[in-house]
1. So the check is Cβ under 9 Å with 6+ separation or different chains; which pairs have a first residue in segment 6-33 that's on the phi > 0 side of the Ramachandran plot and at pLDDT 55 or above and a second one that's surrounded by 12 or more Cβ atoms within 10 Å (Cβ to Cβ) and in a strand (DSSP E or B)?
2. Among the numbered criteria (1) within 13 Å of the chain's Cα centre (by Cα); (2) in contact (Cβ under 8 Å) with a residue 60 or more places away in the chain; (3) surrounded by fewer than 17 Cβ atoms within 10 Å (Cβ to Cβ), which one does residue 96 miss?
3. Provide a single number: the residues in segment 84-104 that are at positive phi and at pLDDT 95 or above.
4. Could you look through segment 79-93, keep only residues that are surrounded by 13 or more Cβ atoms within 10 Å (Cβ to Cβ) and either in contact (Cβ under 8 Å) with a residue 40 or more places away in the chain or touching a helix residue (DSSP H, G or I) at 6+ places or on another chain (Cβ under 7 Å) (or both), and pick out the one that is farthest from residue 41 (Cα to Cα)?
């Protein structure tokens, strides 16, 4: 898709050292979605990201970082991600907010 770029990240010691924010824009240059990487807790099996209307659940695979999306809370070169982490039984482990920004 021409309006979104590829994503990569520095991966050291099983963790993402930089959220590598990506922002997709419409033809007028307005942000419509943002993507970032989240390092899950070691016991986390699900990451649930707050979204307008319905939250989105992502399955954690082997403790690896997850690339998640938001369509709200996007600013000029930054985005806010509110999410919760759950274990395999559905017990909430943490509630967090990150606000990665585009470097530069």
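The values are calculated or read from the model by the stated rules, or taken from the named source; none is laboratory data. Since the model is a prediction, treat every value here as computed from it, not as a measurement. Every residue, glycine as well, gets a Cβ built from its backbone with ideal geometry; the counts of neighbours run over all protein chains shown.
1. Listed pairs, sorted by first residue: 20/35; 20/36; 20/37; 20/67.
2. So residue 96 meets the others, but not (2).
3. Number satisfying all stated conditions: 1.
4. The extreme case among them is 79.
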